Every structure is written in C-alpha cells, then in structure tokens.
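Data first, discussion second: the structure below is written as structure tokens.
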Amino acid sequence: MGARAVPWKACSDFVLACGNIHEPYRFCVNVIEKISDIIPYDQAVFLLLDGNRKIARKHFVGFSERWMQMYLNYYAKSVDDDFGLTTDVFETEGSGHVDLIDWHEIDWIQNDFMRNYIRPRRLSQTLSFTLFDLKGAPATAFALDRLIDGKFTQLEVETVKLIAAHLGNLYKNLFARPTAQVRMWDGIAGVDELTQREREVLDLLCQGIKPVYIARKLRISLGTTNKHIAHIYRKLGVDSKQELLVKLLGK
C-alpha cells in the first residue's frame, strides 16, 4: 500500500459491497476474496462457526488439499467427523478482534506444528480477524497469510481493524438479529413461568448448543447455566434434555 493514511474510501466501498450479500457463506467468500484488493495476501482462509464453535463451513484461497487438512488438524479438533475450534476468542468492547502473528518471532518454539506446517510452508506472518454474534461469541474467523519474508505494515493492520469493525456491525445486522419467527418451545405448558434469562437458555438448548457454550454466549458461569437449565426442567415438568425434546417435538 503506497498511501500513508488508511484508505477510507476503498474500505467504505468494500463494506458497502459486502452489504449487498444476504447469505452468510457467500458474504464471507466475498470478504476473503475482495479484501485482497486492499490488503494483499499470499493465501487466506475463513471458518464459519456454529453455536457450539464447530466449523460449519470453510473456504481456502491458495491452499492445497494437503495443507488445508493439516491446518484443520492442528487448529481444530475432530468431533463426529466435524471440526471444533480450540481457541477462546471473544469480542472486547464491541471492537472486534484483530491479531497479528509474526512466525519469525516465535522461531524458538519447536513443536510439530512449527516443524511440519509453518517452516515447510515458509509462513512469515498471519493477520487474522473475527466477526461475532450478538452475544460477543465468534461467528466467523478470517486469516490472511504472507509467505517467506512478507510482512504486514502497521498501516495495513490499522486498515484491517477498521474493516473488521465495520464488517462486524454489518454481519450482526444482516445475520445475527433476532427474528419474530415462532420458536420451537412456543405454546408449551409452563413456558410463561420462565424468566427472560431462562428463555434465552431454552432458546439455545433448542438449537442443540451445549451448556458450556451457552455459558460462554451469555457470559455467565457454567454453574449458573446449569441452575437455569434445572429451573427450566422443573417449570416444564421434565427431568432431562431428552424428555424436553420429546415434549417439544410432541406439542
């Protein structure tokens, strides 16, 4: 980038163009492919996450199948033939999360990942950013790589921070806003007795989200989450998640 200031117009045009896409996967594909016009990279990836932080869909640019599989093996864990993220990243003060890793600076780490993935691929730096849902939990993660001795400038990092902040707001407005659709548990006896927080927990339970991830999404402790679940079971007259699902499906 030759300019010495953040390219505001280019960033604005880029974000506005993304706003014309109303399907999450295509939105992310557009981001990863078009952002190279502003922030050039050698290769890139985005991971679209579900409520349990498992990778629902993924898209790679410039990766071979071999490296793609190795990347997933190192950065994710296999769960029922799918992948789940192992890192804990949350939104801070609505500013999103942008991270720059300089692989040369951690050359002293000699583990399998560094020996088998970083060094053979000649990775120099990775610039990543994350978009979040309304609860501040990660919804999709992007990573831009430069190889050999390629480095991102401070201006490019600041530009990505600007883009990530605007994309984050756009993503929430397009895909994370609650809808007025009928919930699975509407009309069930006992629902009227639930508190607002218990309704939030029940809504997430009905999406198949595990208690540990419900706690993270709602930013409450796992113990508090389990207490809410116990109250939900008592008020709805069930003793387990299985009984709850049977009741919901049989309403």
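The values are calculated or read from the model by the stated rules, or taken from the named source; none is laboratory data. For clarity, every value in this text was computed on a predicted model and none was experimentally measured. Virtual Cβ from ideal backbone geometry, glycine too; neighbours counted across all protein chains shown.
Some notes on this structure:
- Flag for residue 71 being of a type in the set (Ser, Thr, Tyr), crowded, with 18+ Cβ neighbours inside 10 Å and assigned to a helix (DSSP H, G or I): yes
- Of the residues making up segment 55-72, none is among the acidic types (Asp, Glu), farther than 13 Å from residue 163 by Cβ and at pLDDT 90 or above.
- If only residues of segment 198-243 that are small (Gly, Ala, Ser) and either assigned to a helix (DSSP H, G or I) or in contact with a strand residue (DSSP E or B) (Cβ under 8 Å, 6 or more places away or on another chain) (or both) are counted, the one that is nearest to residue 51 (Cα to Cα) is 215.
A quick yes/no check of all residues on (1) free of Cβ contacts under 8 Å to residues at least 12 places away in the same chain; (2) under 20 Å from residue 144 (Cα atoms); (3) not basic (Lys, Arg):
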| position | (1), (2), (3) |
| --- | --- |
| 22 | no, no, yes |
| 34 | no, yes, no |
| 44 | no, yes, yes |
| 48 | no, yes, yes |
| 54 | no, no, no |
| 66 | yes, yes, no |
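- Options 131, 127, 155: the member that is at pLDDT 85 or above and surrounded by fewer than 17 Cβ atoms within 10 Å (Cβ to Cβ): 155
- Filter result for residue 14 (of a type outside the set (Gly, Ala, Ser), part of a strand (DSSP E or B) and under 26 Å from residue 147 (Cα atoms)): no
- In segment 224-237, the residues that are among the aromatic types (Phe, Trp, Tyr) reach residues that are in a helix (DSSP H, G or I) with C-beta atoms within less than 7 angstrom, at least six apart or across chains, in these pairs: 233/244.
- Near pairs, Cβ below 9 angstrom, 6+ apart or cross-chain, from segment 142-155 (free of Cβ contacts under 8 Å to residues at least 40 places away in the same chain) to any residue that is assigned to a strand (DSSP E or B): 148/123; 148/124; 149/124
- When we screen 190, 136, 150, 168 for residues that are more than 24 Å from the chain's Cα centre (by Cα) and modelled with pLDDT under 90, the only hit is 190.
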